[in-house]
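Each value in this text was obtained by applying a stated rule to the coordinates, not by laboratory testing. Keep in mind the model is a prediction, meaning the values are calculated, not measured. Counting neighbours? That spans all protein chains shown, and the Cβs are built from the backbone with ideal geometry, glycine included.
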Amino acid sequence: MQSLIDYGVSLIIALQRFGSGTIPVMKFFSQLGTEEFFFLVLPLIFWSVDSALGIRIGLILVVSNFINFIGKVGMAGPRPYWASSHVQPLWPETSFGVPSGHAQHAMSVWGIIALYQKRTWVTVVCVFLILMIGFSRLVLGAHFPHDVLLGWLLGGILLWAYSRYWDVAVNWLAGKSFNQQVGISFLTAMVMVIIGMIVTGLRSGYQVPETWMTNALLSGIAPEPVDPSATFTSAGTFFGLAVGAAWTHFRGGYSADGPAWKRALRYGVGLIGVLLFWQVLGAVFPRGDGALVYSLRFLRYTLVGWWVSGGAPWVFQHFNLATPASRISSI
C-alpha cells in the first residue's frame, strides 16, 4: 500500500505543476460529482425531463453513496495531501480517501444515463465526464490513482447490477401492495443503518495518524473520517425516494411531459421544497452525535427524497402543472 501512496504522491505533484490555469477547469468537473450538484439536477430530470430516468438516477446514487461510505470507513485510506505536505489541498475533504466517491458516483450516474438513452453522442459525453471527474480528483489532490480506479470499479459493478436486476425488482414490487412496498423500503433502509453503524462502530476510537492530521490541517479543515451521519443520509434518502415513487405509482404515475413553461415552473416550485427540507431543516435540526440527531437526519433526508418522487409530483398534478402517466397513456 505504501508503494501505491508514494507513486500517487509523485504523480499528483507532477500534475499540479502544470499551472494554476487548469485548476478552475478541474474544480468544474469535480463539482459535477458533488451531493449539491445531484440534489439540484436529479429533481430537474425527474420533474421536467424523464421521471423513469430520474428515479433510476436517484436510487443508484443513494446506493452508491452508501457503498462508498462503507468502503471509505472500512479501508481507512488517507487523502494525498494527508500523506504528503507537498501535495496542494485544492479540494479538502474530511472523510477517508479510498474509494473515490466522485469517481464511483460518476460511473454510476452518468453510466446509467448512457445506458438509458442508448444514443452514441450521449454515451460519448457521459464517458468523457466519467473520465474527467476522476482525473480532476487527482489534480486537485483529493485522491490517489488507486482511489479513483477502485471508485470506477465499484461504480461499474453497481451499474451492471442495476442494468441486470432493475426490471426484475420492479416487476417483483409491482405485485406488492402500497403498504408492503413501504415496509420493504423501510426494512431496506434499516438494514443500511445497521450495516453503517456496525462498520463505524468497528472504527470507533480511531485516531488519525499524527502525520496525516498535521498535513491535513494545512488545508484548514480537520479530518473527521468516522462520521456515521452519512449512513442516515443515504438510508433516509433511499426510504423517501422509494416511498414517494410507490405513492406516485399508486396514484396513476407521473409524466414529465408538457410545454417548456410548465417544465420550468415545476422545477422552480419543486426546488423551493427541496431547499426547505434540505437546507432549512438542516439549519434548524441539531447537529452532532446521538440517537435524536441521527433520527432527525434520517427524517430530514426522508422528506427530501419523498418530496422529489412523491410530494412535488402531487403538487404539480394538483395545480395542473403535470399529468398522471396513466391519463397520458389512455389518450
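Brief remarks on what is shown
- Of the numbered criteria (1) among the β-branched types (Val, Ile, Thr); (2) in contact (Cβ under 8 Å) with a residue 12 or more places away in the chain; (3) under 18 Å from residue 63 (Cα atoms), the one residue 157 fails is (2).
- Filter pass, residue 322 being surrounded by 22 or more Cβ atoms within 10 Å (Cβ to Cβ), more than 30 Å from residue 96 (Cα to Cα) and more than 24 Å from the chain's Cα centre (by Cα): yes
- Checked against the criterion of being farther than 30 Å from residue 77 by Cα and surrounded by fewer than 21 Cβ atoms within 10 Å (Cβ to Cβ), the candidates 222, 256, 264, 245 yield just one match: 264.
- Given (1) under 15 Å from residue 69 (Cβ atoms); (2) over 24 Å from the mean Cα position of the chain (by Cα), number of the condition residue 226 does not satisfy: (2)
- Figure legend. Inter-residue proximity from the range 281-303: first residues under 24 Å from residue 245 (Cβ atoms) and without any contact (Cβ under 8 Å) to a residue 60 or more places away in the chain, second residues among the basic types (Lys, Arg) and buried (at least 17 other Cβ atoms within 10 Å of the Cβ), beta-carbon distance below 6 Å, spacing 6+ or different chains. Indicated pairs: 281/300.
- Of all residues in the range 2-58, those satisfying the criterion of being touching a residue at least 12 places away in the same chain (Cβ under 8 Å), farther than 15 Å from residue 135 by Cβ and not in a helix (DSSP H, G or I) are 34, 49, 50.
- So residue 153, is it crowded, with 19+ Cβ neighbours inside 10 Å and of a type in the set (A, V, I, L, M): no
- Among residues of the range 121-139 that are in a helix (DSSP H, G or I), those with a beta-carbon under 9 Å from a residue that is among the basic types (Lys, Arg) at least six positions away or on a different chain give the pairs 136/27.
- Options 98, 109: the member that is assigned to a loop (DSSP other than H, G, I, E, B) and touching a Leu at 6+ places or on another chain (Cβ under 9 Å): 98
- Counting only helices (runs of 4 or more DSSP H) wholly contained in the range 240-315, the ones carrying 1 or more residues that are within 16 Å of residue 45 (Cβ to Cβ) occupy 260-275, 291-306.
For (1) of a type outside the set (Val, Ile, Thr); (2) closer than 29 Å to residue 55 by Cα; (3) touching an Asp or Glu at 6+ places or on another chain (Cβ under 6 Å); (4) not in a helix (DSSP H, G or I), each residue gets a yes or a no:
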position: 169; (1), (2), (3), (4): yes, yes, no, no
position: 179; (1), (2), (3), (4): yes, yes, no, no
position: 184; (1), (2), (3), (4): no, yes, no, no
position: 187; (1), (2), (3), (4): yes, yes, no, no
position: 208; (1), (2), (3), (4): no, no, no, yes
